[in-house]
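Peer 1: Mind having a look at this structure? Questions to follow.
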Amino acid sequence: MPVDGLCFAQGPDTSQQQEARVASKALLRVWRKQLIPYLTCFLTSQSCLSVFFPKAPQTMKLSKFAKHALTFAGPSPIQHLERLSKTLGNKVQLYAKREDCNSGLAFGGNKTRKLEYIIPEAIEGGYDTLVSIGGIQSNQTRQVAAVAAHLGFKCVLVQEDWVNYPIDEAPVYDTVGNIELSRILGADVRRHAAGFDIGIRPSWEAAMESVKKAGGKPYAIPAGCSEHPKGGLGFVGFAEEVRQQENELGLKFDYIVVCAVTGSTMAGMVVGFAADGRANKVIGIDASATPEKTRNQVLRIAKNTAELVELGREITSDDIVLDTRFGGPEYGLPNQGTLDAIRLCARTEGMLTDPVYEGKSMDGMLSMVRNGEFPEGSNVLYAHLGGAPALSAYSYLFKEG
């Protein structure tokens, strides 16, 4: 007969069956009184829930901000770097999210993604001239020039001497590459002798004043879009794209590697990945060679961006991971590790990186793999931000390939 969920064979009870029934009842009383409460407590604990029911990402309010499409529809592609992973021993699987392929506007890049959230204000505010700044081989200024041409704005670009390139070896540095493309795109390119710095520049402010005096209405776009209040929003969206693509790929990235200089790309990623607990899995590779300035700027921009999208928690210095080993010898000049990384990436995957930014972050990622700094079995996502148009300015470094 059934007894408290147990069933015994029919027929007269033997003494053994009676003893078994008594023992079963006693066991059930112990189960109900002691084991079930402990099991319930375990199953409803945060540690257990996080294993069996992973916490959904926090909902950020990115959609409340106006966005003007400048990139291709859909997320930028994620490419499995199979040959590069194999070359390094296949202990870590490397992937690249191709921001260098994100737009049809003059090769696109990370600034094009940022400008999607910045340009609506320029359109709605009746501005007629986009004014931006960078070095001679700035990707930022090339992308601003392309967006200006696409949308019918005038464009003024201040191009400062941020890089101490060898003039005798690189006589065409200031006429080819990004600056050449900016001129083709119709921008008013203004050279200035000031050296490298990631902050607000007097030459840029003077350019805006000159537009005003000429009767124009300038819209200010700072270096890297980083000092703009909305400069980090685009890469919050990057993180949201990655989560969508992870679901499609059936994997999760353990680390995300990104180049950092003016800071808003990394800052946006930190906020975006903080939503699912991966803020400190964003590994910034400093390419500024002034890492404390970059670190402070990343943190400041990330704090502001987190407030804008209502992340629900504060971003702290513990969330900012910036590797300072690969930025030398100085901004814009590569070391041997950078050049080796550029060649290896190109010759295993056909993927081009540059000596200023992506070659340095690629060197950082490859070195970390070789040194065993990523646990075996990790999936690592490399954020390819663009920059290949500058390669021709550095042709003196690649005479032998």
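Peer 1: Could you tell me which residue of segment 99-126 is surrounded by the most Cβ atoms within 10 Å (Cβ to Cβ), considering only residues that are assigned to a loop (DSSP other than H, G, I, E, B) and in contact with a helix residue (DSSP H, G or I) (Cβ under 8 Å, 6 or more places away or on another chain)?
Peer 2: Among them, the one singled out is 109.
Let's see how each residue does on (1) under 23 Å from residue 62 (Cβ atoms); (2) touching a Phe, Trp or Tyr at 6+ places or on another chain (Cβ under 9 Å); (3) basic (Lys, Arg):
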| residue | (1), (2), (3) |
| --- | --- |
| 282 | yes, yes, no |
| 288 | no, yes, no |
| 309 | yes, yes, no |
| 313 | yes, no, yes |
| 323 | no, no, no |
| 331 | no, yes, no |
| 336 | no, no, no |
| 339 | no, yes, no |
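Peer 1: Scan segment 237-254 for residues that are touching a residue at least 60 places away in the same chain (Cβ under 8 Å) and either assigned by TED's automatic domain parsing to the domain that holds residue 121 or among the charged types (D, E, K, R) (or both) and report the count.
Peer 2: 5
Peer 1: Ok, one more. Within segment 282-296, which residues are assigned to a helix (DSSP H, G or I) and crowded, with 24+ Cβ neighbours inside 10 Å?
Peer 2: Hit for segment 282-296 is 294, nothing else.
Peer 1: When you look at residue 314, is it acidic (Asp, Glu), surrounded by fewer than 24 Cβ atoms within 10 Å (Cβ to Cβ) and either outside any helix (DSSP H, G or I) or under 14 Å from the mean Cα position of the chain (by Cα) (or both), yes or no?
Peer 2: yes
Peer 1: Here's a follow-up. Could you grab me the full set of residues in segment 254-270 that are buried (at least 24 other Cβ atoms within 10 Å of the Cβ) and either more than 10 Å from the chain's Cα centre (by Cα) or assigned to a loop (DSSP other than H, G, I, E, B) (or both)?
Peer 2: 261, 262, 263, listed by residue number.
Peer 1: Hey, another quick one. For segment 342-400, how many residues meet the condition of being of a type in the set (Phe, Trp, Tyr) and under 25 Å from residue 166 (Cα atoms)?
Peer 2: Residues meeting the conditions: 4.
Peer 1: Output the residues belonging to segment 283-335 that are in contact (Cβ under 8 Å) with a residue 60 or more places away in the chain and of a type in the set (Phe, Trp, Tyr).
Peer 2: Hit for segment 283-335 is 331, nothing else.
Rundown of residues vs (1) closer than 18 Å to residue 255 by Cα; (2) assigned to a loop (DSSP other than H, G, I, E, B); (3) aromatic (Phe, Trp, Tyr), yes/no style:
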position: 327; (1), (2), (3): no, yes, no
position: 362; (1), (2), (3): yes, no, no
position: 366; (1), (2), (3): yes, no, no
position: 382; (1), (2), (3): yes, no, yes
position: 401; (1), (2), (3): no, yes, no
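Peer 1: Could you tell me whether segment 220-237 includes any residue that is of a type outside the set (Lys, Arg), more than 28 Å from residue 305 (Cβ to Cβ) and in a helix (DSSP H, G or I)?
Peer 2: No, there is no match, as no residue in segment 220-237 is of a type outside the set (Lys, Arg), more than 28 Å from residue 305 (Cβ to Cβ) and in a helix (DSSP H, G or I).
Peer 1: Could I ask something else about it? Evaluate segment 186-202: report whether one residue or more is surrounded by 15 or more Cβ atoms within 10 Å (Cβ to Cβ), assigned to a helix (DSSP H, G or I) and among the hydrophobic types (A, V, I, L, M, F, W, C).
Peer 2: no
Peer 1: Name the residues in segment 84-98 that are outside any helix (DSSP H, G or I) and in contact with a strand residue (DSSP E or B) (Cβ under 8 Å, 6 or more places away or on another chain), would you?
Peer 2: 88, 92, 93, 94, 95, 96, 97, 98 - these are the residues of segment 84-98 that are outside any helix (DSSP H, G or I) and in contact with a strand residue (DSSP E or B) (Cβ under 8 Å, 6 or more places away or on another chain).
The values are calculated or read from the model by the stated rules, or taken from the named source; none is laboratory data. Note that the coordinates shown come from a computational prediction; the quantities given were computed from them, not determined experimentally. Cβ sites come from the backbone with ideal geometry, for glycine too, and all protein chains shown count toward neighbours.
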